[in-house]
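Working notes for the structure below.
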Amino acid sequence: MSSARVKVAIRCRSCGEKFVLRGRREKDQIDTGFKQCICNNALDFEIEELAL
């Protein structure tokens, strides 16, 4: 099974911090390894896939 590399922008809805990461898309899921924001928010994020 092949996975595609993607670039993702993750914005914390709690504090507004923005992270731009690269990850792998497998089916409908993107794995970047991102767990939580620096403000300890681990649930409320806005995720946008960007062009590589």
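The values are calculated or read from the model by the stated rules, or taken from the named source; none is laboratory data. Computed from a predicted structure; not experimentally measured. Note: ideal-geometry Cβ built from the backbone for every residue, glycine included; neighbour counts use all protein chains shown.
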Can you pull out the residues in segment 15-42 that are within 23 Å of R5 (Cβ to Cβ) and of a type in the set (V, I, T)? V20, I30, T32
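Results for (1) on the phi < 0 side of the Ramachandran plot; (2) modelled with pLDDT of 90 or more; (3) of a type outside the set (F, W, Y), shown as yes or no for each residue.
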{"position": "S2", "(1), (2), (3)": "yes, no, yes"}
{"position": "V8", "(1), (2), (3)": "yes, yes, yes"}
{"position": "R11", "(1), (2), (3)": "yes, yes, yes"}
{"position": "F19", "(1), (2), (3)": "yes, yes, no"}
{"position": "D28", "(1), (2), (3)": "yes, no, yes"}
{"position": "D31", "(1), (2), (3)": "yes, yes, yes"}
{"position": "I38", "(1), (2), (3)": "yes, yes, yes"}
{"position": "N41", "(1), (2), (3)": "yes, yes, yes"}
{"position": "E49", "(1), (2), (3)": "yes, yes, yes"}
